[in-house]
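Participant: Before I ask anything, let me first share the structure, which is written out below as structure tokens.
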Amino acid sequence: MTSKMISKGILRAVAIIVGVVLLGYFLFKIQSVLAYLAIAAVIALLGRPVVLFLRRKLKFPNTLAVIVTMVIMLAIFLGILALFIPLISEQSKNLSLLDIDALKADVNTLYLQILEYFGATTDNVTHLIEDSDLEKNVLEGLDLGFIPDFLNSFVNTLSSFSIGLFSVLFISFFFLKDSNLFQNGMLTFVPDNKESNLVKSVDKINGLLSRYFAGILLQLFILFVIYTIALLIAGVENAIVIAFLCALFNIIPYIGPIIGGAIMITLTMTSFLGADFSTVILPKALYVFIGLIIGQLIDNFFSQPFIFSTSVKSHPLEIFLVIIIAGLVFGVVGMVVAVPGYTAIKVILKEFLAENSVVKKLTKNL
């Protein structure tokens, strides 16, 4: 190997590294556009069955079917906004969701009531904590900031979403109108002898993810109904808003239901501050807790197995490991996109590496 070959190799490696860095920087700068594309792709996957139904069953022209589908989805989206945004804005003070100081005061009052119910005092708890080598009081170290942060970001995103909404709708329209648009773009970078494999992969991924996202919507709707019923039985004000927000947390696997459940129980107990703890607050919280348990049992033993087996065709244990690994590597975002990403990878592996023994075992159900 001559010095000229070595220098060429070094230059090629440097060029590749620089290219990767520039590509990463470019993707970082257009991250909002990538987010619009991702949201539009999800909307297109959800709307695809409706478009196919209108075209095949009702004989709609393709463009008209897409327009009707977009109108239906936009009407649903605007209906949700019209229902929940005014309620959140008007009742935020009552719920103490956007006032963290009020929420901490309510929790502190509730804490004192619980101690009184069990016959304990704050001195007992303080001594217990000191004996356990904890430096700070539990309540002082309790960070409830994620609640108003989440709701404030949620409301702010909705209020400043006009440009993004237009972009997403515009992109979604063409994704639905020309289902091969994304596929044709990818074919540009694929050798001619592999084009058929890519086409099969894209079609398979579209079908699987369409069923997956539809299943997620069904999962959230079931939890929303159960949570709403439990909160209405307990007599909690703004039960629909609380149930919707807490059900929404289930988008985050495993961690989300815990956060949503804790918020729902806390808001239930703080809704009845001033009433007797043993005869009012505790029974109300128990009703809601039972509803929460019922919802999670149905979700874990019916909704999730149904979604994983019929949509992405993966074993629940397999999905569990994928979500945990994605969460450790990429955080909460990784947990949310783990299942659709893993499904797409499995389909691509099956089409391009079908003869590999490991791939055969991994994709035998696809």
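The values are calculated or read from the model by the stated rules, or taken from the named source; none is laboratory data. This is a predicted model, so every value here is computed, not measured. We place every Cβ from the backbone using ideal geometry, glycine too, and count neighbours over all the protein chains shown. Side chains included, ligands, DNA and RNA excluded: accessible areas come from the protein's heavy atoms. Shrake-Rupley method; radii C 1.70, N 1.55, O 1.52, S 1.80 Å.
Participant: Would you point out which residue out of ILE348, ILE258 is within 23 Å of ARG211 (Cβ to Cβ) and in the same structural domain as GLY215 (by the TED database)?
Facilitator: ILE348
Participant: Take the residues in region 286-321 that are touching a residue at least 40 places away in the same chain (Cβ under 8 Å) and in contact with a Ser or Thr (Cβ under 6 Å, 6 or more places away or on another chain); name whichever of them is farthest from ILE265 (Cα to Cα).
Facilitator: Residue satisfying both the conditions and the ranking: VAL312.
Participant: Related question: Restricting attention to region 317-340, does a residue exist that is assigned by the TED database to the domain that holds GLN219, surrounded by fewer than 15 Cβ atoms within 10 Å (Cβ to Cβ) and not in a helix (DSSP H, G or I)?
Facilitator: no
Participant: Quickly run through region 53-74 and pick out the residues that are open to solvent by less than 40 Å² (accessible area, probe 1.4 Å) and under 15 Å from PHE174 (Cα atoms).
Facilitator: Within region 53-74, the first condition is being open to solvent by less than 40 Å² (accessible area, probe 1.4 Å), and the residues that meet it are 54, 65-66, 69-70.
If the condition is that a residue be open to solvent by less than 40 Å² (accessible area, probe 1.4 Å) and under 15 Å from PHE174 (Cα atoms), then ALA65, VAL66, THR69, MET70 are the ones that fit.
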